[in-house]
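Below is one structure; the comments refer to it alone.
The values are calculated or read from the model by the stated rules, or taken from the named source; none is laboratory data. What you see is a predicted model; the values in this text were computed from it and never measured. Heads up, the Cβs are rebuilt from the backbone with ideal geometry, glycines too, and the neighbour counts pull from every protein chain shown. The protein model used for the area step is the full one, side chains on, heavy atoms only, and it has no ligands, DNA or RNA in it. Shrake-Rupley method; radii C 1.70, N 1.55, O 1.52, S 1.80 Å.
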Amino acid sequence: MNDATTEVMSKQAPGQHDGPLVSVKDLEVSFRTLGGSVSALRGVSFDMWPGETVAIVGESGSGKSTTATALINLLPSNGMIGAGSITIDGREMVGLSQDQMASVRGKIVGYVPQDPMSNLNPVWSVGFQVEEAVRANGLAHTRKEIKSRAIEVLKEAGLADADRRMKQFPHQFSGGMRQRVLIGIGLAADPKLLIADEPTSALDVTVQKTILDHLDKLTRENHTAVLFITHDLGLAAERASKLIVMHRGKIVEAGPSVELLENPQHPYTKSLIAAAPSLASRRIRGASASSDTDAGGPDMARLAVHHHEAAEEHHISEAPVSIEVKDLTKVFSIRKGGFRTEPLTAVDKISFKVRKGSTLALVGESGSGKTTAAKMILGLEPPTSGDIIVGGTNLNGISRKAMFNLRSRMQPVFQDPYASLDPQRSIGAIIAEPLRVHGVSDRSVRLARVKELLDQVSLPESIAQRYPNELSGGQRQRVAVARALALKPEVVVLDEAVSALDVLVQAQVLQLLADLQEELGLTYLFITHDLAVVRVVADEVAVMEDGKIVETGTTDEIFERARKPYTQRLLDAIPGSGIKWAS
Amino acid sequence: MLRYILRRLLQAVPVFLGTTFLIYFMVFAMPGNPIVALFGDKTPNPAQVAALEAQYNLDQPFFMQYLLYLKNVFTGDLGTTFSGRDVNTVLADTFPVTLKLVLMAVVLEFFFAVVIGLISGLREGKFFDNASVVLALIFNSLPVFVGMFLAQYFVGIKWGWAPVTVGRDTSWGAMFLPALVIALTIYVTGMRLMRGSVIESRSEDYVRTAYAKGLTSRRIIPVHIARNSLIPVVTNTAASFGALIAGTTITEGIFNIPGVGNTLYQAIIRGENSTVVSFVTVLTLLYVIVNILVDLLYAVLDPRIRYV
């Protein structure tokens, strides 16, 4: 872990400029929508000095990405700068034509986008797309020079075998590799400022750490200023010397990272810090006394208390076993071009037990087999061998009818709240669907149950008539939870169920899950790559690597006395794990 | 890739057998003895009929006839017409004419679809876009033959810019007018596909990243927006190429073009079964081949499919 304090010192070494590199004053941005003009930035002002690393933190909709894209005038087509000024390297940006802007982009301001999957053009080779950037910024002129400079750019970004991979297409690269390509492109012309918009939020924690460390090294060597946009407070504090906290289009607080974390002034900053799950957090317990978690979110203080409350020991070891998995194995055959195939063992003889009313977290990087394991347990993927016993019933060789009945006792909640709800159906219909499928034919009974479920997930009854696109991400995930609970299941499989949510919303959903577990005695199988979340939800943890379970234990054991280096590596990769938080 | 091509070729086999079987069955299940029909009003000598039946394998059971027919097709023997010409020669005479017409129509169609679609997509909701959508609706709702008569009347007769009908002169210039009319009646689908995917591509993340690299619109529009949007348009055009080869009968009739469609039409009217079957078989084969080429083209355009 980098020591945040020494980083501040090194980053503040005086540059050759006498003024700030970036100076944003009273910036106003609005978006034209069908309902009229919506203001996204309301008087944003900040300065950045050469070589400085600054992070803008906030939840989605806070205006942090809008600020970043406004700097290089890449706002969506319905967005426009209403007032204010942006000066970069002594030059006013507001009012520049697209062609004038093109001479700033790439050369003076580099940009690393969020999603490595969608930011490279799928029909052109990776080499082509890097060469294009090299040519556009006048870094080389003959074809040969351009090619060798492009290879150099990729090698600097950490692609050791760049010359061999130039002709390959983006889909032949892993997410981490693509992000390296994008970082290479962003830094190709040695810009004075690099804007990194959530550069690693789509990647695994361990990959994230390697890539950010590398980015740190490159920008430090070249004295490049970096503007980080992130929703992850831990990551921001670890990587940036200065933090800017944004909320509803305004900067609510700004200052040196360490100071801001240890002594936050604004209530919003305080609630962000309280909601960020970290290593210091404790298991959230259901608040059985007052289970009306508020959707609006003003009650963050109460939530924060729950985080840090030392929970009483639950006697889960005596409860009956709800899910038992024995030597579960899944082998896929992978096509290797031509007619050859090769077996790939995705899940390799894993065994574990989850007791009723408790939570087991299955953690690992992508490709570790955790999602395949979850799919097999849900009966969505046939296992190659091994046994899955749910509530005393072995899934092996079970009849279709018995499987159908078993499904009502075991329900999933998936990662993406945008993709897992049918956009054409109302919320009420979505929640009632499992009831209808499983033979609740009386319409009024279904309606009553929908009402009850909405109440359980703390959503207003009126939402039943609305459609998914009218809801926020957090509300949608509550709907997904309500749908999963419709049939009163014993087991809920949560596959990265909170990974797509902002910290504040994430904290609310986690609290809701804890309340429901307490109230209904639910058993959770929690699939995630985010160990910080595991800390606050799980009773027991099973760590997966390459299809095998490498370590199991109670959450405290794993976090305090991890035995395997792999587990330790996962723990170290949690952003902000070395930071002292305000309590 | 090899695996992909082989699989597509294998899929073509049942398609080819199924269609030829259906055509063969339908034509020969029709009432009347083709040999007797050959003699017209005259009453043929039964021995002569039997000899001819043996010659054309008509004394065999139906299924044998079909197999023998297939054997002939694969050895390049498509039979003869009633007037005694080889179907092969007739095809060799008419096919190039139709191919020329369709090629010209398809190139024009592609040009209209791409250019109009691209500009419309880039100026979504502006005047050009609205005008092109209205125009497309007019061309699309006008029946093909009405468009052709209008073209003949105005361009051919009133203004005299092009020959009214084609006839013997099957040069590129003579067939430009019918090709243009075909293109105008079919470019709409391609234009809509192009427009839609241009609008979609414009807001893709990789387009924003391309701007962030420092590229200008002059490069981004052709390289990142148009190139990606071409995938559905090219495949649509290629598919309409296959459909047009067999579907120019009306056009060839109206403009009196001595192509495949016209000949096929005449053969159907005269009841020349063997000619009909042979022509349709060749067209089916062609259609299947064009479709395989379309699929391969898709793989060429989209590297994600190429490397499956």
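Take peptide A:121-131, look around each residue's Cβ out to 10 angstrom, count Cβ atoms belonging to other protein chains, and average those counts. Walk me through the numbers on the way to the answer.
On the way: counts 12, 6, 11, 6, 1, 0, 0, 1, 6, 1, 0.
If you average over the peptide's residues, the count of other-chain Cβ atoms is 4.
The mean number of Cβ atoms from other chains found within 10 Å of a Cβ in peptide A:63-72 is 1, as a whole number.
Taking amide H positions as modeled 1.01 Å from N, with prolines and chain starts lacking one, the residues under 5 Å from A:GLY43 and 5 or more places away or on another chain are A:LEU27, A:GLU28, A:VAL29.
Grab the beta carbon distance between B:ASP93 and B:ASN45, set R0 = 25 Å, and tell me the FRET efficiency rounded to 0.05. Don't skip to the end; give the middle numbers.
Working: r = 34 Å, r/R0 = 1.36.
Using R0 = 25 Å, I get an efficiency of 0.15.
Ordering B:VAL207, B:THR237, B:PHE95 by Cα displacement along the dipole of the stretch B:87-263 toward the positive end leaves B:VAL207 in first place; charges were set at the Cβ atoms of Lys, Arg (+1) and Asp, Glu (-1). When accessible surface is computed with a 1.4 Å probe, chains B and A are found to bury approximately 2700 Å² between them, both chains counted.
Once backbone amide H atoms are built at 1.01 Å from N, A:VAL226 has A:GLU52, A:THR53, A:VAL54, A:LEU194 as its partners under 5 Å, excluding neighbours fewer than 5 places away on the same chain.
Residue ranges A:32-39, B:181-188 sort as B:181-188, A:32-39 when ordered by packing (mean number of other C-beta atoms within 10 Å per residue, highest first).
Projecting the Cα atoms of B:LEU184, B:LEU68, A:VAL503 onto the charge dipole of the protein assembly as shown (Cβ charges, centred on the Cα centre) puts B:LEU68 farthest toward the positive pole. Using a cutoff of 8 angstrom between alpha carbon atoms and counting only pairs six or more residues apart, the relative contact order for chain A works out to 16 percent. Computed from backbone phi, the HN-Hα couplings of the stretch A:63-74 come to x, 5, 6, 4, 4, 4, 6, 5, 4, 10, 6, 10 Hz, rounded to whole numbers (Karplus: 6.51 cos²θ - 1.76 cosθ + 1.60, θ = phi - 60°; Gly and Pro given as x).
Dipole of the stretch A:177-276 computed with +1 at Lys/Arg Cβ and -1 at Asp/Glu Cβ about the Cα centre; of A:SER241, A:ALA275, A:PRO191, farthest Cα towards the positive end is A:PRO191. For the stretch A:553-563, putting each phi into the Karplus relation 6.51 cos²θ - 1.76 cosθ + 1.60 with θ = phi - 60° gives couplings of x, 6, 4, 4, 4, 4, 6, 9, 9, 4, 8 Hz, in residue order, rounded to whole numbers and with x for Gly and Pro. Using just its DSSP H runs of length 4 or more, each adding -39500 (n - 2.57), chain B gives a mean residue ellipticity at 222 nm of -23500 deg cm²/dmol after division by all residues.
Solvent-accessible area per residue in the protein assembly as shown equals 46 Å², computed with a 1.4 angstrom probe and all protein chains kept. Only the Cβ atoms of Lys and Arg (+1) and of Asp and Glu (-1) were treated as charged; on that basis the dipole of the stretch A:305-572 about its Cα centre amounts to roughly 1340 debye.
How high is the relative contact order of the stretch A:117-190, given as a whole-number percent (alpha carbon pairs under 8 Å, six or more residues apart)? Present the calculation step by step, with values, prior to reporting the outcome.
Details: 86 pairs, mean separation 31.6, N = 74.
Answer for the stretch A:117-190 is 43 percent.
With 32 Å as the limit on Cα-Cα distance, the pairs of A:LYS451/A:LYS548; A:LYS209/A:LYS349; A:LYS209/A:LYS270; A:LYS353/A:LYS488 that go past it are A:LYS451/A:LYS548.
What's the extension gain from B:LEU285 to B:ALA12 if we count 0.36 nm per residue and subtract their Cα-Cα distance? Show your work: numbers first, answer last.
Working: separation 273, 0.36 × 273 = 98.28 nm, distance 0.91 nm.
Net length gain for the segment: 97.4 nm.
A:GLU221 versus A:ARG143, label points 7 Å from Cα toward the beta carbon: distance in nm? It is 3.0 nm.
Near A:THR359, the amide H atoms lying under 5 Å from its own belong to A:TYR524, A:ASP539, A:GLU540; only residues 5 or more places off or on other chains count, and H is placed 1.01 Å from N.
Over the residues of the stretch A:117-190, compute the C-alpha Rg and express it relative to 2.2 N^0.38 Å.
Numbers: Rg = 10.9 Å, N = 74, 2.2 N^0.38 = 11.3 Å.
The stretch A:117-190 yields a ratio of 0.97.
Label sites at A:ARG443 and A:GLN424, each approximated as a point 7 angstrom past Cα along Cα to Cβ, lie 2.1 nm apart.
Annotation note: trypsin sites (Lys or Arg not before Pro) in the stretch B:90-185 located in DSSP loop regions with a Cβ neighbour count of at most 16 within 10 Å are B:ARG123, B:LYS126, B:ARG168.
Rounded to the nearest 0.05, the FRET efficiency derived from the C-beta distance between A:LYS167 and A:ASP327 at R0 = 35 Å is 0.20. In a fully extended conformation the segment linking B:PHE74 and B:ASP59 would gain 3.3 nm over its present Cα-Cα distance, using 0.36 nm per residue.
Computed over the protein assembly as shown, the P(r) tail beyond 44 angstrom holds 47 percent of alpha carbon pairs. Take every DSSP beta bridge with both residues inside the protein assembly as shown and express the antiparallel ones as a percent of the total, to the nearest 5. Roughly 60 percent of the beta bridges in the protein assembly as shown run antiparallel, per DSSP. Once all protein chains are placed together, B:TRP172 keeps about 130 Å² accessible to a 1.4 angstrom probe. Relative to the Cα centre, the charge distribution of the protein assembly as shown, modelled as +1 at Lys and Arg Cβ and -1 at Asp and Glu Cβ, gives a dipole magnitude of about 1860 debye. For the segment A:171-178, counting C-beta atoms of other chains within 10 Å of every residue's C-beta and taking the mean gives 1. Think of each Lys and Arg Cβ as +1 and each Asp and Glu Cβ as -1; about the Cα centre, that makes the dipole of the stretch A:117-190 roughly 200 debye.
Using the Cβ-Cβ distance between A:ALA402 and A:ARG436 with R0 set to 30 Å, the FRET efficiency from 1/(1 + (r/R0)^6) comes to roughly 0.90. Here each label is just a point 7 Å from Cα along the line to Cβ, and for B:ILE305 and A:SER103 those points are 4.3 nm apart. The string of couplings for the stretch B:171-183 from the Karplus curve (6.51, -1.76, 1.60, θ = phi - 60°) is 6, 4, x, 5, 9, 4, 4, x, 5, 4, 5, 4, 4 Hz, one whole number per residue in order, with x for Gly and Pro. Working note: 222 nm ellipticity from helices only, DSSP H runs with n ≥ 4, each -39,500 (n - 2.57), summed and divided by the residues of chain A, gives -10000 deg cm²/dmol to the nearest 500. The aspartates and glutamates whose alpha-carbon is closer than 18 Å to the alpha-carbon of A:LYS25, local same-chain residues fewer than 8 away aside, are A:ASP47, A:ASP89, A:GLU92, A:GLU253.
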